[in-house]
1. Largest first, what is the accessible-area ranking of 110, 32, 137 with a 1.4 Å probe?
2. Averaged over all directions, how much area does the convex hull of the C-alpha atoms of the range 23-63 cover when projected, in nm²?
3. Starting from the Cα of residue 187, step 7 Å along the direction of its Cβ; do the same at residue 141; then give the gap between the two resulting points in nm.
4. Heavy atoms only, probe 1.4 angstrom, no DNA, RNA or ligands counted: give me 162, 26 ranked by accessible area, highest first.
5. Using alpha carbon centroids, what distance separates the range 137-164 and the range 31-70, in Å?
6. Would you mind pulling out the separation of the Cα centroids of the range 190-226 and the range 83-112, in Å?
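The values are calculated or read from the model by the stated rules, or taken from the named source; none is laboratory data. Note that the structure is predicted; figures quoted are calculated from it, not measured. Cβ placement follows ideal geometry from the backbone for every residue including glycine, while neighbour counts extend to all protein chains displayed. For accessibility, only protein heavy atoms count, side chains too; no ligands or nucleic acids. Shrake-Rupley method; radii C 1.70, N 1.55, O 1.52, S 1.80 Å.
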Amino acid sequence: MKQSLQEIQTLLMRLSIALLAYPVCKIIFFLFNHSYFTGVTLPEFLPMLFWGLRFDLSAMVIINSPFILLHLIPFFIRTNWYQLILKIVFIALNSIAILADCVDLVYYRFTLKRTTADFFDLFGLGSDISTMLPQYFIDFWYIPLIWIWVTAFVAWLYGKTKIAPAPKGEKAFSLGRLGSWLILNSILIGLCILTFRGGLQMRPIMPINASEYVSTKNIPLIINTPFSIIKSYGLEKLE
């Protein structure tokens, strides 16, 4: 039981690091686009970071679901090679989420909304998009730098979390350890499902639920871009 608890605690700590990237990106987003949210002062913005955790948690869990599942595989998680795989998966998944938020630092000015799944329809424009993208990176060269900085910060924090290797002579498999693993991880998976849904309500939360906390024009300050993309995927598009 003790080993299983330590593994769960490490997983929760690592997920907390992934979660931290969302308010960090929101603060940068607010600083970049403050002029588009007239009337929102810094003291008014800070509670929005707290309200937005509901949406941040939802996006963080679904994006990190492969990492969570890999972390729950028992018995050889304490080996060095498996820890390296977990780190690579964690950084890869969360760097994509951070990139989505970073793109909206400037792309928001053109759409006045968080990017949705229809953004990827732009790549169907063929030569037009191939011409636009290089110019985008020239004009907004600092966006990749911000993305690299936030990703490196998350990776650095991840490196501070470690699982102690199994004591020498300890059995990798035992019925007691398997039983504790089943109980603890069943609870964890249930909590992850609840977190992704955003609560106990009948339907999972959507971006429009942010209007429970702020006016419609300030919803982009509550939600995050990965959440917006995930929740808009598969929805019927307007012609």
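1. On the way: 110 140, 32 65, 137 110 Å².
Solvent-accessible surface, decreasing: 110, 137, 32.
2. Reported value for the Cα convex hull: 3.1 nm².
3. 5.3
4. Details: 162 160, 26 5 Å².
Reading off the accessible areas and sorting them downward yields 162, 26.
5. Rounded to whole Å, the Cα centres lie 17 Å apart.
6. 19
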